[in-house]
1. What do you get for Rg/Rh of region 23-94 when both radii come from the Cα atoms and Rh is the Kirkwood radius?
2. Treating the angle as unsigned and between 0 and 90°, give the value, to the nearest 10°, between the Cα long axis of helix 74-88 and the longest Cα principal axis of the chain.
3. Please work out the average accessible area per residue across the chain, using the 1.4 Å probe convention, and give it in Å².
4. Sequence neighbours fewer than 8 away in the same chain don't count; with that in mind, list the lysines whose C-alpha is under 23 Å from residue 65.
5. Only bridges with both residues in the chain count here: give the DSSP antiparallel percent, nearest 5.
6. Only helical DSSP H runs with n ≥ 4 go in: add -39500 (n - 2.57) per run for the chain, normalise by residue count and round the 222 nm mean residue ellipticity to 500 deg cm²/dmol.
Amino acid sequence: MALRLGDIAPNFKADTTQGHIDFHEWLGSSWGILFSHPADYTPVCTTELGALARIQPELVKRNVKVLAVSVDKVEDHHGWIKDIDQVNSCHVDFPIIADADRKVSVLYGMLDPTHIDDVTGLPLTVRGVFIIDPAKKIRLTITYPASTGRNFTELIRVIDSLQLSSKSVTTPADWKQGDDVIVHPSIDDEEAKKRFGEFRTLTPYLRLTKQPQ
């Protein structure tokens with residue numbers, strides 16, 4: 001059965017470039033980005049992991065941990081990281097899972113039956129992303145085609161939006177950090193004034209206010 005938004009992210013134990021982990025214990029009280037890529041030493045993935053390494057300080061500010069998944073072995077990951085660091089002028093400081101037996105990939109439905117490893121004859125992973133909150137619930141899933149690199153700036157935008165949702169607001173199209181937000185429809189005008197002070201009513205169901213701090 002496919003994982004859905006709101007489901008508890010399945011727990012697992014795995015070997016990574018930073019040692020053996022229990023996923024839920026490793027995540028702790030942090031948010032998490034779990035993302036897969038088809039294989040080590042591939043061009044698009046090399047740029048993706050470099051891009052993610054460069055924005056990691058921003059993720060740390062937001063209490064977000066990063067965990068990558070690949071079907072290659074730990075020793076392959078360590079060799080590939082050297083290329084990633086050199087090509088992208090970065091330092092990869094997040095763990096990469098060695099999922100040679102595909103256990104994590106199967107658990108999260110990340111295998112592509114149309115993309116087969118020429119050496120092992122086993123399917124490779126899709127370019128998947130899961131954002132998981134501190135309660136271990138899945139808050140976002142995206143699957144990209146193999147030909148398209150992911151936009152990690154967009155993932156930061158989504159995380160910012162999700163972290164604001166606990167304050168009874170939602171975010172409009174193309175919202176970015178600092179823009180006005182939408183007062184949640186479940187909040188009436190009187191309560192909205194108490195919580196947010198001023199707000200603008202565009203329609204009875206669409207009210208804008210300043211982003212809460």
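1. 0.96
2. Once rounded, the angle reads 60 degrees.
3. Numbers: 11040 Å² over 213 residues.
Per-residue accessible area for the chain comes out at 52 Å².
4. Correct list for residue 65: 13, 73, 82, 103, 136, 137, 167, 176.
5. Numbers: 26 of 35 bridges.
The antiparallel proportion sits near 75 percent.
6. Working: 6 runs with 65 residues, N = 213.
Computed ellipticity for the chain at 222 nm equals -9000 deg cm²/dmol.
The values are calculated or read from the model by the stated rules, or taken from the named source; none is laboratory data. Bear in mind the structure is a predicted one, so any value in this text is a computation, not a measurement. For accessibility, only protein heavy atoms count, side chains too; no ligands or nucleic acids. Shrake-Rupley method; radii C 1.70, N 1.55, O 1.52, S 1.80 Å.
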